[in-house]
Amino acid sequence: MKLLLVFLMVHTIFIPCFSFDLLGKDHPLTLDYYKSTCPTVFDVIKKEMECIVKEDPRNAAILIRLHFHDCFVQGCDGSVLLDETESLKGEKKASPNINSLKGYKIVDRIKNIIESECPGVVSCADLLTISARDATVLVGGPYWDVPVGRKDSKSASYALATTNLPTPEEALISIIAKFYAQGLSVEDMVALIGAHTIGMAQCRNFRSRIYGDFQLTSALNPISETYLSSLKKMCPSNSGEGDTNVTAIDNVTPNLFDNSIYHTLLRGEGLLNSDQAMYTSMFGIQTRRIVSKYAEDPLAFFEQFSKSMVKMGNILNSESFADGEVRRNCRFVNT
């Protein structure tokens, strides 16, 4: 009962000040939105994504993360793609994004191709959502149908980008609250965090973990000790040294979308505090069960990840449907 009260109190604190609508409420998306206006859009994006991921498999994780950071701020409206101007304060320099969020040039590349085929038709928000799905498939992950029809916002929110996005050092209850505030359940959260199976992390984001309780959660396993030693070599204990050095979050199959990340958590070798807490936190009764389920059953993980990605992609910006647009250039509002 005490845990439930704490959980509800945290939820109340983190409810965002920006409204959103889910699919089927006020602004339903459809699978055939571009059937007559740009019937080749899915094929065009798929073909280009095949080249992009072939060039560097890490691009898959970059696109998925970019989509996540877009949807958690004002809904999936392409606001994360906007460059800062004299009249617009963008989200790119917010603390969770600056020096770490990438993929903007990839979006530009795909957008230019689509504009040459279907000018002024396909929104950047839809482009990003479709690209995230294709990125997942191309590195071995599940396929899902992507509902489309989003509009691009004419605004961004530096403030919400700073507060809405979970951080690697955040407590489990707080992260659950942030997902809940977006209409996403604990099951959605654990499944979506599974995308870290192909992710990379900077030293600055896991330093406290490897110089903290890593040895405790990994139970001094000799293999874990070797892994920890390699991490400390590339990430010195002193703040500022090697901050931007990167390593794979999943050290077993870093370029393959699978359920390996959950096995990592079971071993106590999670690279990020926020990930490992899902299995070892005293508040992680429900998350621990889900982590174990996905570690045991990869098909269950794939099925839920697909559902959760659709659910996240359906977080919509109500204002963009009333006053949104299809940007010609994803970095700037149309003039």
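The values are calculated or read from the model by the stated rules, or taken from the named source; none is laboratory data. Keep in mind that this is a model prediction, so the values were computed, not measured. No Cβ is skipped: glycine too gets one built from the backbone with ideal geometry, and neighbour counts run over all protein chains shown. In case anyone asks, the SASA skips ligands and DNA or RNA and just uses the protein heavy atoms, side chains included. Shrake-Rupley method; radii C 1.70, N 1.55, O 1.52, S 1.80 Å.
Out of the residues in the range 106-144 that are of a type in the set (D, E, K, R) and more than 26 Å from T253 (Cα to Cα), state the one that is nearest to the chain's Cα centre (by Cα).
D126
Test S274 against the criterion of being hydroxyl-bearing (S, T, Y), in contact (Cβ under 8 Å) with a residue 24 or more places away in the chain, at negative phi and open to solvent by 20 Å² or more (accessible area, probe 1.4 Å), and give yes or no.
Here the answer is no, as S274 does not meet what is asked.
Kindly indicate whether any position in the range 100-113 is open to solvent by 60 Å² or more (accessible area, probe 1.4 Å), out of contact with any helix residue (DSSP H, G or I) (no Cβ under 9 Å at 6 or more places or on another chain) and in contact (Cβ under 8 Å) with a residue 24 or more places away in the chain.
For the range 100-113, residues open to solvent by 60 Å² or more (accessible area, probe 1.4 Å), out of contact with any helix residue (DSSP H, G or I) (no Cβ under 9 Å at 6 or more places or on another chain) and in contact (Cβ under 8 Å) with a residue 24 or more places away in the chain: absent.
Exactly one of these conditions fails for S157: (1) closer than 20 Å to K178 by Cβ; (2) under 16 Å from the mean Cα position of the chain (by Cα). Give me its number.
(2)
Go over the candidates G149, G141 one by one and state the one that is small (G, A, S), open to solvent by less than 40 Å² (accessible area, probe 1.4 Å) and over 25 Å from E91 (Cα atoms).
Unique residue meeting the criteria: G141.
Can you pull out every residue in the range 277-305 that is open to solvent by 10 Å² or more (accessible area, probe 1.4 Å), of a type in the set (F, W, Y) and within 23 Å of I223 (Cβ to Cβ)?
Y279
Regarding the range 240-257, can at least one residue be identified that is in contact (Cβ under 8 Å) with a residue 60 or more places away in the chain and either touching a Pro at 6+ places or on another chain (Cβ under 7 Å) or farther than 23 Å from K293 by Cα (or both)?
yes
If you go through the range 306-332 one residue at a time, how many are buried (at least 18 other Cβ atoms within 10 Å of the Cβ), modelled with pLDDT of 95 or more and farther than 30 Å from E187 by Cβ?
The qualifying residues number 4.
How many residues are more than 21 Å from Q74 (Cβ to Cβ) and either in a loop (DSSP other than H, G, I, E, B) or open to solvent by 20 Å² or more (accessible area, probe 1.4 Å) (or both) if we restrict to the range 155-172?
3
Does any residue in the range 202-213 that is more than 11 Å from K232 (Cα to Cα) and in a helix (DSSP H, G or I) come within less than 8 Å, Cβ to Cβ, of a residue that is at pLDDT 95 or above and open to solvent by less than 20 Å² (accessible area, probe 1.4 Å) six or more places away or on a different chain, and which pairs are these?
N205/L272
Within the range 232-258, take every residue that is open to solvent by less than 40 Å² (accessible area, probe 1.4 Å) and of a type in the set (D, E, K, R) and give me the one that is nearest to K102 (Cα to Cα).
Once the filter is applied, the top-ranked residue is D243.
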